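Heads up, the thing below is written out as structure tokens.
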């Protein structure tokens, strides 16, 4: 019998041995269960009491001895429902802690072409219709693999109905003009690093021989970056 399922729902190996022994023995005293389950006396008493607390074992007293009885296996459903109710009680507090964690700043580094592609996909993973995708492009890698990816990336953003705006250096205009989905303004002035922003995430990317990118999650940093983007956008 595969007992891993019983472990997965919270029973220890000792509890499983005691419960299965009781299922086979029926009503039994400690001695019979100890022999059947092949466990020590101290382990038995610890486990059987835990099973009683979980509603999976009951007992009566006969001639001053406890006689134990395994609950119907259907009681596992009741046990799991009780667990679910307990989780429901603590969920609001857990979610509150999660929201605090979400406000923390996070930074992840991605390296290589595949890594940067992964980074860009993460950037729009949770984006919804009408969300903005803002980017700044002082340079773009002309490698076929990357340009092919950007065409697919444009299609993903279009499918999600994202509003995609960018400011690019004029020298990369020939590459970006091929991508009709984008709304781009061009600048003669030097621009900061390749940057993409979507909702609460920002990517900073460096192309070249060893492409790399940084994913930043920080509400304050991203709000400032959005302000900078729109100041630049409105000046062109």
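Taking each DSSP H run with n ≥ 4 as -39500 (n - 2.57) and averaging over every residue of the chain yields -15500 deg cm²/dmol at 222 nm. So for the chain, what percent of the C-alpha to C-alpha distances run longer than 22 Å? Roughly 66 percent, once rounded to a whole number. Within the listed set 155, 127, 30, the Gaussian network model of the chain (springs between alpha-carbon atoms below 10 Å) gives the highest mean-square fluctuation for 30. Placing R0 at 30 angstrom, the Cβ-Cβ distance between residue 80 and residue 35 gives a FRET efficiency of 0.50 after rounding to 0.05. Considering only alpha-carbon pairs that sit under 8 angstrom and 6 or more positions apart, the relative contact order computed for segment 50-98 is 27 percent.
Between residue 210 and residue 156, take the C-beta separation as r, use R0 = 22 Å, and let me know the FRET efficiency to the nearest 0.05.
Details: r = 26 Å, r/R0 = 1.16.
That pair, residue 210 with residue 156, gives E of 0.30.
In a fully extended conformation the segment linking residue 126 and residue 5 would gain 40.2 nm over its present Cα-Cα distance, using 0.36 nm per residue.
Over segment 84-236, what is the mean sequence separation of C-alpha contacts under 8 Å (at least six apart), divided by residue count, expressed as relative contact order in percent?
Numbers: 236 pairs, mean separation 48.1, N = 153.
Averaging sequence separation for qualifying contacts and normalising by length gives 31 percent for segment 84-236.
No value in this document is a laboratory result; all are computed from the given coordinates. What you are looking at is a predicted structure, and each value in this text was computed from that prediction instead of being measured. Note that we place each Cβ from the backbone using ideal geometry, even for glycine, and neighbour counts take in every protein chain shown.
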